[in-house]
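> Structure incoming, see below.
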Amino acid sequence: MKIASVILVCILASPTFAQEITVAAAADLHAALDEIATHYKAETSAPVKIVYGSSGNLYQQIQNGAPFDVFFSANTDYPEKLEAAGLTLQEAFTNTHAATSFYSLPRTHRCESHRG
């Protein structure tokens, strides 16, 4: 639940607070993110759209300009590559216990990141 709290805080701090949030997430996060999205929508009335897939496919979509606000990758290499390519606003937040990296992506090119 600790990662859920971090995620929720990062999303709430996002400049897209009142707008729909579009999340790209590794498929293994399905249960956790569905629950978080339900709570977030109840608290803010802002809809959350989650696209699940392999981290590699989501990474390629982001490189090609896919309109995601947040990226949860099961492979920490992909967020680091996005950062190296200048597609992020900050460093990635990486949860080493869950081997998950998190990026919040701006509306213009949708890449802001957070590192713990």
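The values are calculated or read from the model by the stated rules, or taken from the named source; none is laboratory data. Quick caveat, the model's predicted, so the values are computed rather than measured. When we count neighbours, we look across all protein chains shown, and the Cβ atoms used for this are built from the backbone with ideal geometry, even at glycine.
> Failed condition for GLN90, given (1) exposed (fewer than 14 other Cβ atoms within 10 Å of the Cβ); (2) within 21 Å of LYS49 (Cα to Cα); (3) at pLDDT below 80, with all others met?
(2)
> For residues that are modelled with pLDDT of 90 or more, touching a strand residue (DSSP E or B) at 6+ places or on another chain (Cβ under 8 Å) and over 15 Å from ASP69 (Cα atoms), scanning just the range 1-35, find the one that is surrounded by the most Cβ atoms within 10 Å (Cβ to Cβ).
LEU29
> Here's another thing I want to ask about it. Can you pull out the residues in the range 45-55 that are touching a strand residue (DSSP E or B) at 6+ places or on another chain (Cβ under 9 Å) and either surrounded by fewer than 20 Cβ atoms within 10 Å (Cβ to Cβ) or in a helix (DSSP H, G or I) (or both)?
Of the range 45-55, the ones touching a strand residue (DSSP E or B) at 6+ places or on another chain (Cβ under 9 Å) are 46-55.
Hits for the range 45-55 are ALA46, PRO47, LYS49, ILE50, VAL51, TYR52, GLY53, SER54, SER55.
> Pairs please, first residue from the range 47-74 and among the acidic types (Asp, Glu), second anywhere and part of a strand (DSSP E or B) and surrounded by 15 or more Cβ atoms within 10 Å (Cβ to Cβ), Cβ atoms under 8 Å, 6+ apart in sequence or on different chains.
Sorted first by the residue in the range 47-74, then by its partner, the pairs are ASP69/ILE21; ASP69/THR22; ASP69/VAL23; ASP69/SER104.
> Could you tell me which numbered condition GLN61 fails, if it satisfies all but one of (1) exposed (fewer than 15 other Cβ atoms within 10 Å of the Cβ); (2) modelled with pLDDT of 90 or more?
It fails just one condition, (1).
> Of the residues ASP77, ASP69, which is crowded, with 22+ Cβ neighbours inside 10 Å, at pLDDT below 90 and of a type in the set (Asp, Glu)? Break it down stepwise before answering.
Values: ASP77 fails: crowded, with 22+ Cβ neighbours inside 10 Å.
Answer to the check: ASP69.
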